[in-house]
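To start, the structure under review is shown below, and the notes come after it.
The values are calculated or read from the model by the stated rules, or taken from the named source; none is laboratory data. Treat the numbers as computed from the prediction; the structure is a model and nothing was measured. Ideal geometry is used to build each Cβ from the backbone, glycine not excepted, and the neighbour counts take in all protein chains shown. Heavy atoms of the whole protein, side chains included, go into the accessibility calculation; ligands, DNA and RNA do not. Shrake-Rupley method; radii C 1.70, N 1.55, O 1.52, S 1.80 Å.
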Amino acid sequence: MLKEHNVELDTASRKENKFKVTGLDAQELRYQGKDGPCCVSITFIPLKNNLVMHLLGHHGGGGETSGGRGKIVNSLKPAK
């Protein structure tokens with residue numbers, strides 16, 4: 001998907017974050033884009049034999065998207 005939208009990640013900007021989402025372990029990787037102001041967040045949430053991956057990209061003046069990103073990721077609920 002990133003390739004389709006011509007987004008190149010600056011691997012030197014990589015930041016990792018581990019946290020819980022509704023009691024489940026989650027890991028987030030965040031990157032800045034190489035060609036202009038862009039923030040990409042990739043969150044992985046393992047569920048038994050599956051993996052949920054959430055990808056969020058934000059173009060703009062380098063502003064953080066953590067408020068919106070946190071709300072979206074924390075809204076994920078395990079299916080019953």
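Quick one: count up the residues across region 26-40 that are over 10 Å from Ser13 (Cβ atoms) and in contact with a Gly (Cβ under 6 Å, 6 or more places away or on another chain).
1
Restricting to region 24-52, name every residue that is open to solvent by 60 Å² or more (accessible area, probe 1.4 Å) and not in a strand (DSSP E or B).
Lys34, Asp35, Pro37, Lys48, Asn49
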